[in-house]
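S.K.: Sharing a structure, written as structure tokens. Questions coming.
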Amino acid sequence: PLPPPFMIYRMLRARRGLLAMAPLRIWILALAAPFVQAWVAAGDATSAAPASAAAAAGLGLAAECPEGSGGCDAGLGLLQLTASKAWSDRSEVHRRHVAAGSANAINASANPVLKGVGVVGVVAVVLGVLGLGALLSGAVVGGPSAAAPAAQVLVAGPEDDVQARWALILAASGVQIVSGSVYAMGAWGVDLRNLLKVSMGDMSTIVAATFLGSLFAMLGGLSFDRLGPRATVALGGALNTAGYTLILTPILLGESVSPTVRLVLAALGAMCAGYSSVSLLDNVVCMACSLSFPRDRAAVVGYLKAVLATAAGLWALLYIHVFQAPHGPGLVAYLTFTALASFAICLLALIPMQVLPEGHRKPIRGRELIRLGMVLAATVALSLFDVGVSFGYSMGLLSETPALGYIGVALAALPLLVLLLPHPPEEDNGAKPEVEAVAQAGTGQAGAAALASDGITFGQAVVGVDFWLLWFIQFVVFGSGVATNQNLAMIFESAGAKSAAGLGVALFALTSSVSRMVVGILSDRYAHVVSRFQWIQVVAVMSMASQALVSTMALGGIMLGILVAGLSFGTFFTVVVPVINEMYGRKQFGVIMGSQLACQAFASISICKVLLPRVYSHAAAGASVCEGTACFRTSFLALAAFNALGVAAALQLERRNRCSMPMDRA
């Protein structure tokens with residue numbers, strides 16, 4: 001049988017349209033040709049089939065290419081070069097196998113994990129190239145509204161309408177589970193360091209690379225705007241799988257490559273996994289649901305953000321209780337499972353992934369509220385389970401038990417039961433025109449015209465004061481939340497209460513998860529009392545208070561600060577997606593949202609990699625471990641001062657948008 005790239009080639013050759021273009025197929029095969037060489041080297045004499053297919057494909061494409069096509073000439077040249085190399089290697093491999101007997105062939109096929117990872121990696125890279133090619137083509141043929149084709153869905157009646165809407169919500173929640181996997185790196189980071197045989201500083205580089213991709217979050221938004229959520233999630237799933245495959249590769253290679261190569265491969269994999277999780281998966285499904293549910297956008301987005309928060313605990317639970325050595329198969333098996341699961345979930349989510357047509361963007365009312373209550377209850381149950389197991393394990397009350405991981409997976413799958421409920425009859429749920437609904441959705445009377453036009457461009461948005469006010473608020477809220485959560489172990493160690501770290505992590509996770517769901521519903525239902533801009537003011541005040549409380553470095557103050565930090569962190573990321581949607585419209589919603597997310601990379605570097613380590617090292621005075629209040633007090637007092645500026649920015653943002661929105665003033 002042919003390897004996946006050539007199977008995909010044959011499938012594309014039979015298709016018409018963009019994917020049938022000869023230059024695109026050439027580059028697919030050119031990318032696959034190096035993998036052909038590896039396939040030949042790892043297999044037996046019959047592995048000549050892929051090389052033969054490469055040569056035949058090159059001859060076939062040579063006849064198809066228009067004369068003088070530069071893309072065909074370049075692609076065909078690269079294809080012929082690599083295919084010829086693979087073809088010549090076949091003879092040498094065959095000679096070695098004849099001389100050495102069949103032992104080499106048996107050993108080469110004795111590791112199904114390695115072969116499975118290779119297949120997944122090849123498919124993921126090829127799909128990534130397809131997505132990139134589609135994105136580049138969309139820039140030419142799609143135009144600003146090219147997302148429209150991906151948003152179409154065939155609905156014949158109210159039952160199909162309900163099914164499509166809930167299939168979208170559940171598909172988005174599945175994508176969020178994939179996105180949450182990258183945040184569980186803290187659970188297996190030490191084992192990765194040991195297997196790679198790198199220093200703690202090198203491991204910090206790998207972790208930092210996870211958030212570095214946020215600098216380019218705008219590209220994910222561009223893909224959403226031009227191609228729609230379906231193509232973007234496909235690209236994100238492929239890149240996420242490729243990321244975990246890259247992290248796994250240096251482990252399998254071991255000391256056959258230098259430490260620098262192992263570090264670069266792992267860091268590149270972490271960046272791919274982190275970038276896809278944030279910019280191509282999480283951000284994209286939240287934007288799709290924000291557009292599809294204009295009357296309940298904060299409630300639906302809040303649910304999705306809560307799933308993301310609980311998913312991180314679920315993946316950590318799976319690793320510790322199911323995969324971690326010595327009681328489990330180890331990190332290699334976990335990374336392989338994560339790559340395969342991410343690919344499969346994203347693939348299944350593509351079927352219902354869309355932006356619902358305008359005629360089907362109805363509010364969640366009547367009997368549909370039962371469905372919403374069920375998915376929220378399942379998420380709360382999973383969150384409580386994650387927190388309880390994590391706390392019990394950190395306190396020594398629980399040991400590694402695989403059944404706990406299986407229970408977590410079962411709880412994560414519970415929301416699928418809503419698809420088994422009978423469809424509610426068509427009823428008058430008080431639906432109002434979409435323009436009026438936006439006014440009620442949380443931005444006050446200024447939102448009444450939010451959908452009267454298509455919105456404004458990124459260029460118009462970025463020159464406005466409102467864009468940078470919101471950017472700075474997100475910078476300080478995200479930076480403060482991550483600085484608190486990622487350093488809890490060292491904070492409690494410096495405060496002389498190291499055993500309380502497990503409780504601190506559990507408290508932050510629980511408050512962050514629950515606040516996302518609660519505030520999402522409240523900001524939709526009670527917009528006439530508290531607008532979304534006023535919720536941002538509350539967030540800024542809570543974030544400032546949390547940093548001041550943690551700076552006390554007393555056990556009670558730290559715990560209270562963690563609780564408030566979790567509330568502010570969860571609330572902000574529930575309301576920010578609808579706020580940006582309603583401020584700037586949908587013309588370039590993805591690009592504007594992606595550019596806002598870039599602040600997370602700056603916050604991660606400046607606060608988590610510069611401010612906190614420098615203050616900690618200075619207070620430690622050369623020691624490897626710092627003890628006492630001076631280790632973090634200065635850092636968190638500085639963050640409290642930054643958040644005071646964030647409060648001022650939030651007050652100014654609400655004042656500027658009280659009567660009109662940026663898209664109205666453009």
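The values are calculated or read from the model by the stated rules, or taken from the named source; none is laboratory data. Note that the coordinates shown come from a computational prediction; the quantities given were computed from them, not determined experimentally. Neighbour counts are summed over all protein chains in view; Cβ atoms, including those assigned to glycine, are modelled from backbone coordinates with ideal geometry. For the accessible areas, the whole protein counts, side chains as well, though only heavy atoms, and no ligand, DNA or RNA atoms are used. Shrake-Rupley method; radii C 1.70, N 1.55, O 1.52, S 1.80 Å.
S.K.: For the range 224-276, with every protein chain kept in place, what is the accessible area per residue (1.4 Å probe, Å²)?
M.R.: So the range 224-276 comes to 30 Å² accessible per residue, rounded to a whole number.
S.K.: Of all trypsin sites (Lys or Arg not before Pro) in the range 170-241, which ones are in loop regions per DSSP and have a Cβ with at most 15 other Cβ atoms within 10 Å?
M.R.: When the trypsin sites (Lys or Arg not before Pro) of the range 170-241 are filtered for loop state and at most 15 Cβ neighbours within 10 Å, Lys197 remain.
S.K.: I want to check the label-to-label distance for Ala344 and Tyr406. Put each point 7 Å from Cα in the C-beta direction and report it in nm to one decimal.
M.R.: Rounded to a tenth, the inter-label distance reads 1.6 nm.
S.K.: What dipole magnitude, in Debye to the nearest 20, does the range 347-398 give about its Cα centre under +1 on Lys/Arg Cβ and -1 on Asp/Glu Cβ? Mind dumping the intermediate values first?
M.R.: Values: 5 positive and 3 negative charges, 59 e Å.
The calculated dipole for the range 347-398 is roughly 280 debye.
S.K.: With a 1.4 Å probe and every protein chain kept in, tell me what percent of the accessible surface of the range 566-646 is carbon plus sulfur.
M.R.: Within the range 566-646, the accessible surface is 64 percent carbon and sulfur.
S.K.: What does the net charge come to around Val647 if you take all other residues with beta carbon closer than 14 Å to its beta carbon, with K and R at +1 and D and E at -1?
M.R.: 0
S.K.: Net charge around Pro229, counting only other residues with Cβ within less than 15 Å of its Cβ (Lys, Arg = +1; Asp, Glu = -1)? It would help to have the intermediate numbers written out before the result.
M.R.: Values: positive: Arg165, Arg226, Arg230, Arg297, Arg361, Arg586; negative: Asp225, Asp282.
Overall, the nearby charge balance is +4.
S.K.: Right, here's the next one. If you plug each phi of the range 320-327 into the Karplus form 6.51 cos²θ - 1.76 cosθ + 1.60 with θ = phi - 60°, what whole-Hz ³J(HN,Hα) values come out, in order, with x for Gly and Pro?
M.R.: 5, 9, 10, 9, 4, 6, x, 7
S.K.: How are the C-alpha pair distances of the range 488-554 spread across 5 Å bins, as whole percents from the shortest bin up?
M.R.: Taking every Cα pair in the range 488-554, the percentages come to 4, 14, 17, 21, 16, 11, 9, 6, 2, 0.
S.K.: Still on this structure, please answer the following. Quick one: what are the phi-derived ³J(HN,Hα) couplings along the range 224-233, Karplus 6.51/-1.76/1.60 with θ = phi - 60°, whole Hz, x for glycine and proline?
M.R.: After applying 6.51 cos²θ - 1.76 cosθ + 1.60, I find 4, 5, 8, 10, x, x, 5, 5, 5, 5 Hz.
S.K.: Related question: By average Cβ neighbour count within 10 Å, what is the ranking of 251-262, 468-479, 315-326 from highest down?
M.R.: Most protected by this proxy first, the peptides run 468-479, 315-326, 251-262.
S.K.: Right, another one. Note down the net charge around Val625, summing +1 for each Lys or Arg and -1 for each Asp or Glu among other residues with Cβ under 13 Å from its Cβ.
M.R.: Local charge sum for Val625: -1.
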